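Q: Have a look at the structure that comes next, please.
Where a number appears in this text, it was derived from the coordinates with a stated rule and is not lab data. Given the structure is predicted, the values throughout are model-derived calculations rather than measurements. Here the Cβ positions follow ideal geometry from the backbone for every residue, glycine too, while neighbour counts run over all protein chains shown.
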Amino acid sequence: MISEYNVSIVGVGGTGLLTAAAVLGEAAVRQGEKVRVGEIHGLAQRGGVVNCDVRIGDKVFGPIIMDLKANVLLSLELAETLRALKKVSPESTILMNSYRMVPPGLSAKGDQYPDEEKVLAITKGFTKNVFVLDALKLAKKAGDPRTMNVVMIGALAGITGFPLKKDLLRKAIMDLFPKAADINIKAFDLGYRELNASCVKHFPHHAML
Amino acid sequence: MNLTEKLLIDLPGKDFFMLANEAIVRGVIESGVGVVSAYPGTPSSEISDALYQCAPIRKFYMEFSTNEKVAMEVAGAAALSGVRSFTPTKHVGLNVSIDALMCFAYVGVDAGMIVLSADDVGPWSSQNEQDNRCYSNLATLPMLEPSTPQEAKDMVVEGYKISEQLNEPVIVRTTTRVNHTSGNVTLGTLTAPKLSGAFKKQADRFILSPTVAKKRHEILLQRFERAKRIAEETNLTFVEGEDSGSKDFGIITSGVSYNYVKEALNELDLNFEILKLGMTNPLPEGKIARFLANHDNVIVIEELEPYLEHFVKATANEYGINAKILAKRDGLFPRFGELDPRLVLEGLAKAAGKKVPFDFQRVDQEFEKVKSVLPKRPPVLCPGCPHRATFYAIRVATGGKALYPNDIGCYGIVSMPPLETDTVFCMGSGVGMASGFSIVTDQPIVATLGDSTFFHSGVPALINSIYNNHKFVYAILDNETTAMTGQQPHPGTGVTNRGTTEKIRPEEVAKGCGAKFVKVIDPFFVKEAVKTFREALTYDGVAVIISRRECALLAIAKKRKEGQKIVPCEVDNERCTGCGVCVSTLGCPAISWSGKKIIIDPVQCDGTVCGVCMQICPQKAIGVTSG
């Protein structure tokens, strides 16, 4: 049994964040774990800030991850990574999608949206374990740009110490996307492989594979 | 397995991953409820949506009512006739229905009735964060408060039993954090829904004349005395850590806060007894007194109002118990906004004189630096949203010089440039306030509200404005759905889960209410729309405009289903002079600057569904390539 494992997922409405959390929740229940998923989505169906905290383990009760207590910060949109940094400690891992959604308020002054290097520099001030993925590229490779969320779940599954079993995650994905199971499984595998490759490159000391 | 299959499956004892709102639905189905009525509202919307889908399969009755008060009356009448009923609402919806609920409390019910109040503490998607626990006191009705998805289901099942024991409606109160938490839920046994009953006439009960009302109030108070016994005995309320826990400190808590308490105690390595209150009206005086007597210090942890705190202090006073009671008054916890694990940990540490085991100050300081880089992401109208086009037309027709009372719905997002409005209060309030503004100011007024809001509470204000001869433009933004809460049908759509009925058209209603200026426009024909608003502004009276165009999300879904391609707009760089009219007047998420030119995001743009930017570009630089 797991004691406590916290994944904070951040992004923008419409990027499949709630579905990503549902995949993790389903897999956790099937693995016999206690799980809590807390979701906050404000007013907008699309384009607003969305945050989901996925919490697994016996010591978990509430839907919110306490500041500094996220094991993983999974970000589906570049700048949104920054919004949840309080939940990150030096031991945390950040998985970051390089995909950008520039808010329309900024359209007139597009320079206000931070570039990837800046976001990376800031996040590294909170933890050294940061991985950037081009999930859009991998999702397109899988066959549908909308599978970015599943690419990121695949990457999450590759992190050392991530407690949910890969086959249960794949099963949950197949059940949640019955009409597009193949594409989504492909997206999952691409994310998983990409993270492992990236680990070997950047963090050879992590015994991942 | 889809949602309805999961909610209707007959596998008692099996664990499923469920949203608390789904677990509530499961509780309603397990209880054999026959009649459900609701007006959608976040954070309760998923409850009514799922019940709407399950009803035709499970063969119970579920309707979307025009507003919460009507929903309360529908559900209440069913319960008076011996059929279990359920009416879920968001917290402010109870403001609309409380008039009816007060009556049902006086007359009582003949079958179980649950009113679910989903309170938006935060608030995340509401105009206030009122604490509806206060309503259970006002109405003298029992209230249950779950902390988890499992409890959300179980308390609905238990709530029906309590309701029938007392012959009174029961309020189940949740908060956004509970409604929108998913987790393990163990299913219970299904009960077949009971659909029909009979109303037994009883003038000395149901005709609430002052004489009858006085008598019924006495009966209600007698029943509340019985409810107090239930509050003492129910296992929904329990003490945790008894015997092993510290006698120095004890904690009294309920709802979502209980979860934070459990985690905070664990982090602080403290072993305090917890009195967890599942039933929060009536509160168990005896249990609380015993808990107080057993501890030197008692910390009360709750969100919003000092509701438990006041009762605990009154009980201590009543029983002459000297335990020190630490709570909001001592500045340990805020009276506004949500609690969270950190706030509870910090408050608890302070009360118990323990050191906080995390360096929160440091992360706060670090995060201050991040804030300036973080782009703001206020909610925006979707690309292709017809409301954007209507507000654009209003803006052009009035030159930005009118008063713009607005209302609750997606269009309520329009509060910032370039499409500003002036007020967003409560359902139907914009048109009511337009009347008041028209009496005391000389400014032109364009009041806006959505189609579902019109049916909810816009009609009485319309009649009032015509009767009293006010002068303003009454604009109904008709996107043929209740978009904000997730595309629920309403009288204007004619859609129900029992088949379609004739659409009730707002223009026919307006004419029936006596409006003489009633025009229907399509906001995607921009010139025509502007012209009609200009004409309406010169009308000496209430000018009703129905701006009708299907919600973009529905339109796109429909096109996709039909296999049609959505062709996005494109900018002709030769023609684009970078004047920025499109960006500065529409605020469309798909349109942005790229250097000195404009680009349109093909992923976000709904192109041929909308096409408003093509019409307003002074250079005619936006178009669609035939594809």
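Q: Which trypsin sites (Lys or Arg not before Pro) from region A:104-187 combine a DSSP loop assignment with at most 15 other Cβ atoms within 10 Å?
A: A:Lys128, A:Lys165
Q: How long are the semi-axes of the ellipsoid equivalent to region B:538-627, from square roots of 5 times the Cα gyration tensor eigenvalues, in whole Å, largest first?
A: 25, 22, 11
Q: Per-residue counts of other Cβ atoms within 10 Å, averaged by peptide: what ranking do you get for B:266-276, A:75-85, highest first?
A: Numbers: B:266-276: 18.3, A:75-85: 25.4.
Going by the mean number of other Cβ atoms within 10 Å, highest first, we get A:75-85, B:266-276.
Q: What does the charge add up to near A:Thr93, with Lys and Arg as +1, Asp and Glu as -1, over the other residues with Cβ less than 14 Å from its Cβ?
A: +3
Q: When you count, for each residue, the other Cβ atoms within 10 Å and take the mean per peptide, how do B:306-314, B:575-583, B:497-505 rank with the highest first?
A: B:306-314, B:575-583, B:497-505
Q: For region B:343-382, what mean projected area does the convex hull of the alpha carbons give, in nm²?
A: 4.6 nm²
Q: Limiting things to C-alpha atoms, what are the Rg and the maximum Cα-Cα separation (Dmax) for region B:386-558, in angstroms?
A: Both quantities, over Cα of region B:386-558: 14.9, 48 Å.
Q: Follow-up question, since we're still on this one. Over 32 Å apart: what share of the alpha carbon pairs of region B:3-232 falls there, rounded to a whole percent?
A: On the way: 3429 of 26335 pairs.
So the pairs more than 32 Å apart make up 13 percent of the total in region B:3-232.
Q: Within a 10 angstrom radius of each residue's Cβ in B:457-464, how many Cβ atoms of other chains show up on average? Whole number is fine.
A: Across the residues of B:457-464, the mean count of other-chain Cβ atoms within 10 Å is 0.
Q: Among the lysines, which have Cα under 26 Å from the Cα of B:Lys215 when same-chain residues fewer than 8 positions away are ignored?
A: Within reach: B:Lys69, B:Lys161, B:Lys200, B:Lys201, B:Lys228.
Q: Moving on. Suppose a student asked you for the relative contact order of chain B, using Cα pairs under 8 Å spaced at least 6 residues apart; what percent would you report?
A: Dividing the mean separation by the residue count of chain B yields 11 percent.
Q: Using just the C-alpha positions of region B:231-294 as equal point scatterers, what log10 of I(q)/I(0) does the Debye formula give at each q in 0.13, 0.17, 0.18, 0.30 1/Å?
A: Computed log10 I(q)/I(0) values: -0.32, -0.56, -0.62, -1.39.
Q: Let me ask something additional. Checking the cross-link filter: which lysines have an alpha carbon closer than 22 Å to that of A:Lys128, excluding same-chain neighbours under 8 positions apart?
A: Result set, ordered by chain and number: A:Lys69, A:Lys86, A:Lys87, A:Lys118, A:Lys201, B:Lys369, B:Lys371.
Q: Which order do peptides B:561-573, B:14-26, B:423-435 fall in by mean Cβ count within 10 Å, highest first?
A: Ranking the peptides B:561-573, B:14-26, B:423-435 by packing returns B:14-26, B:423-435, B:561-573.
Q: Quick one: Cα convex hull volume of region B:334-440, Å³ per residue?
A: For region B:334-440, the hull spanned by Cα atoms encloses 188 Å³ per residue.
Q: Can you list, largest first and rounded to whole Å, the semi-axes you get for chain A by taking the square root of 5 times each eigenvalue of its Cα gyration tensor?
A: 23, 20, 19
Q: P(r) of region B:238-363 in 5 Å steps, Cα pairs, percent per bin?
A: 2, 11, 23, 25, 22, 11, 4, 2, 1, 0
Q: Which value does Rg/Rh take for region B:111-179 over its C-alpha atoms, Rh per Kirkwood?
A: On the way: Rg = 12.2 Å, Rh = 12.3 Å.
Rg/Rh: 0.99.
Q: Based on the Kirkwood radius over alpha-carbon pairs, what is the Stokes-Einstein translational diffusion coefficient of the protein assembly as shown at 10 °C with 1.306 mPa s viscosity, in µm²/s?
A: 56 µm²/s
Q: May I have the pair-distance distribution P(r) for region A:25-100, computed from all Cα-Cα distances with 5 Å bins from 0 and rounded to whole percent?
A: Once binned at 5 Å, the Cα pair distances of region A:25-100 give 3, 15, 22, 24, 20, 12, 4, 0.
Q: Just to compare against my own numbers: the Cα pair-distance distribution for region B:20-102, 5 Å bins, whole % per bin, please.
A: 3, 17, 29, 26, 18, 5, 0
Q: Here's a follow-up. Can you give the Rg to Rh ratio of chain B, both from alpha-carbon atoms, with Rh computed by the Kirkwood formula? It would help to have the intermediate numbers written out before the result.
A: Working: Rg = 27.3 Å, Rh = 27.0 Å.
In chain B, Rg relative to Rh is 1.01.
Q: Taking only C-alpha pairs under 8 Å that are 6+ residues apart, what is the relative contact order of region B:66-221 in percent?
A: 27 percent
Q: Still on this model: How much mean residue ellipticity at 222 nm does chain B get from its helices, if each DSSP H run of length 4 or more adds -39500 (n - 2.57) and you divide by all residues, to the nearest 500 deg cm²/dmol?
A: Helix contribution divided over all residues of chain B: -12000 deg cm²/dmol.
Q: Still on this structure, please answer the following. Determine the shielding of peptide B:10-19 by partner chains: average, over its residues, the number of Cβ atoms on other chains within 10 angstrom of each Cβ.
A: Values: counts 0, 0, 0, 0, 0, 3, 2, 11, 2, 5.
Counting other chains' Cβ atoms within 10 Å and averaging over B:10-19 gives 2.
Q: Within 10 Å of each Cβ in peptide A:22-31, how many partner chain Cβ atoms are there on average? Round it to a whole number, please.
A: Across A:22-31, the average partner-chain Cβ count within 10 Å equals 3.
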